[in-house]
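Down below is the structure, laid out as structure tokens.
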Amino acid sequence: MPLETTANIWHNGELIPWEKAQIHVMSHVVHYGSSVFEGIRCYAQENGAGVFRLSEHMQRLIHSAKIHRMPLPYNLAQLNDAVVELIEANGVTPCYIRPIAFRGYGEIGVNPLKSPVEVYMANFPWGKYVAGHGGADVCISSWNRLAPNTMPSLAKAGANYMNSQLIRMEADINGYAEGIALDVNGYVSEGSGENIFIVRNGVLYTPPLANSALSGITRDSVLTIARHLGLTVIEQSIPRELLYISDEVFFTGTAAEVSPIRSIDRIVIGDGKAGEITRKIADEFFGIANGLKPDKFGWLTPVKVGSQEAVSA
């Protein structure tokens, strides 16, 4: 998905031109993957725009940095304000926001502690992430998710996404839209950049975080919506074969939003169409995000930017 440039990028408290946001080739992050980041969406609404669950995303960024002993020079309120400042300065909605903190130019060597922490934020237009009209055709990856006590799965760290790249490239080369990774014990974990849900006999299931899954913000949103709709929700380990005989399967994520899965390993899920529960959850999710339904959970942070496209569910 090609990047569409915008005017400004936020760097360490200041807005700088997009083309000036550069780092040295000897920065620690280039050699050792020492970064943590977030993906956030700002949705167009009838009377402006709203950032979806901004504080939760920024709190996860702070937690990711803490896990990796990377002290951020900004608190939660300052990070939130920076996102609003950036979007309003660029005047681009709807958009995707990418905050990233990393170890910059300082010393060479695995120990990162004497390399400075840099914080950047960019925003830009970004559309549908998981390919597939009416549902994605995906596969089980030959690559497992990270084992416990190797790399922390709760941290959204750049280095973790080398694993994600292997999953996604393998799926793409083999003709699939995405891959599903199992954990080290062979239980379902998540996609390369998405959490996963299944529906069976009217019950909604998702793997627990102990199965090396990221604590997704959209995952949490879907759990909240499902419970609000009166659905039974169970977080439990899911064996691979249960995917094939589920009634519905869907991905969630900031980029993926709520994306139905049509088939897994060429086995059609249900009738091959987005199921009733998937549709209900997606309708509620997009209704809130696009301002078409009340923001009953307080998930939206308003920004003063006019929408550049029509609002629809």
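The values are calculated or read from the model by the stated rules, or taken from the named source; none is laboratory data. This one's a predicted model, so the numbers in the text were calculated from it and none came from an experiment. Virtual Cβ from ideal backbone geometry, glycine too; neighbours counted across all protein chains shown. Heads up: the accessible areas ignore ligands, DNA and RNA and are worked out on the full protein's heavy atoms, side chains in. Shrake-Rupley method; radii C 1.70, N 1.55, O 1.52, S 1.80 Å.
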Scope region 52-74; condition under 15 Å from Ser215 (Cβ atoms), surrounded by fewer than 18 Cβ atoms within 10 Å (Cβ to Cβ) and out of contact with any helix residue (DSSP H, G or I) (no Cβ under 8 Å at 6 or more places or on another chain); matching residues: His63, Lys66, Ile67
- prompt: Considering only residues of region 220-244 that are open to solvent by less than 40 Å² (accessible area, probe 1.4 Å), within 23 Å of the chain's Cα centre (by Cα) and aliphatic (A, V, I, L, M), which is farthest from Gly287 (Cα to Cα)?
  reply: Ile238
query: Is it the case that Ile40 is surrounded by fewer than 20 Cβ atoms within 10 Å (Cβ to Cβ) and under 19 Å from the mean Cα position of the chain (by Cα)?
result: no
query: Within region 202-214, is even one residue open to solvent by 50 Å² or more (accessible area, probe 1.4 Å) and not aliphatic (A, V, I, L, M)?
result: no
- request: May I ask you to list the residues in region 37-69 that are out of contact with any strand residue (DSSP E or B) (no Cβ under 7 Å at 6 or more places or on another chain), more than 16 Å from Lys293 (Cα to Cα) and in a loop (DSSP other than H, G, I, E, B)?
  value: Arg69
message: Within region 258-268, take every residue that is touching a residue at least 60 places away in the same chain (Cβ under 8 Å) and open to solvent by less than 30 Å² (accessible area, probe 1.4 Å) and give me the one that is nearest to Gly179 (Cα to Cα).
response: Ile264
message: So, restricting to strands (runs of 3 or more DSSP E) that lie completely within region 80-181, which ones have at least 1 residues that are more than 26 Å from Gln59 (Cβ to Cβ), in contact with a strand residue (DSSP E or B) (Cβ under 7 Å, 6 or more places away or on another chain) and open to solvent by less than 40 Å² (accessible area, probe 1.4 Å)?
response: 136-140
task: Evaluate region 21-31: report whether one residue or more is touching a Gly at 6+ places or on another chain (Cβ under 7 Å), open to solvent by less than 10 Å² (accessible area, probe 1.4 Å) and in contact (Cβ under 8 Å) with a residue 60 or more places away in the chain.
output: yes
message: Quick check on region 269-291: of everything there that is surrounded by fewer than 19 Cβ atoms within 10 Å (Cβ to Cβ) and without any contact (Cβ under 8 Å) to a residue 40 or more places away in the chain, which residue is farthest from Gly191 (Cα to Cα)?
response: Gly287
query: Somewhere in region 22-36, is a residue more than 14 Å from the chain's Cα centre (by Cα), of a type in the set (A, V, I, L, M, F, W, C) and part of a strand (DSSP E or B)?
result: no
Any pair with Cβ under 6 angstrom, 6 or more apart, that starts in region 34-54 at a residue that is closer than 25 Å to Pro112 by Cβ and ends at one that is hydroxyl-bearing (Ser, Thr, Tyr) and open to solvent by 10 Å² or more (accessible area, probe 1.4 Å): Gly39/Thr254
- request: Scan Ser189, Ser246 and give me the residue that is outside any strand (DSSP E or B) and among the hydroxyl-bearing types (Ser, Thr, Tyr).
  value: Ser246
